[in-house]
Amino acid sequence: MNLSGFELEGPYINIDDVTDKPGVYVILSIHEGKPPVVLDVGESGWSFSQGGQGIKSRLKSHNRRSCWEKHRGDGTIAFAVLYEKDGETRLRIEERLRRSFRPPCGTDPWDIRI
């Protein structure tokens, strides 16, 4: 799935299809016959080699899940992922995706890294 020039894996409906590695994730609302709606964008993996969370762990315990549910409408929540080890690269990708889609979840000014 291509989003803003980035090739992401997915979308996955089942969170168990996501690998627990560092990377960027995009939360989508999937509606049959319509383009997906971006609900949230984030990244995970800092200190991964020392026990930090990969994408799968982050998604399973995500603090914005209620926001996804609120904004999904009648769609199904799905996950698209781009695995990336480098933290600075993840932040740049996350920022570009957030600026492109302006998702309704996680967009408080103090949440967006510039």
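In straight Cα distance, which lysines are under 24 Å from Lys60, not counting same-chain residues fewer than 8 positions off?
Cα-Cα hits under 24 Å: Lys21, Lys70, Lys85.
Taking Cα centroids, how far is the stretch 69-104 from the stretch 5-59 in Å?
Computed from Cα coordinates, the inter-centre distance equals 7 Å.
Multiply the residue separation of Ser100 and Phe6 by 0.36 nm, subtract the distance between their alpha-carbon atoms, and state the gained length in nm to one decimal.
32.7 nm
Mean-square fluctuation check for the chain, GNM, Cα pairs under 10 Å: which of Gly87, Gly45, Gly73 is largest?
Among Gly87, Gly45, Gly73, the largest GNM mean-square fluctuation belongs to Gly73.
Can you run the Rg to Rh ratio on the stretch 2-101? Use alpha carbon positions and the Kirkwood inverse-distance Rh.
Result: Rg/Rh = 0.95.
Want the number for Glu69 to Arg92: 0.36 nm per residue separation, take away the alpha-carbon distance, what's left?
5.6 nm
Read the figures in this text as sums done on the coordinates, not as results from a lab. Because the structure is predicted, anything quoted here is derived from the model rather than measured.
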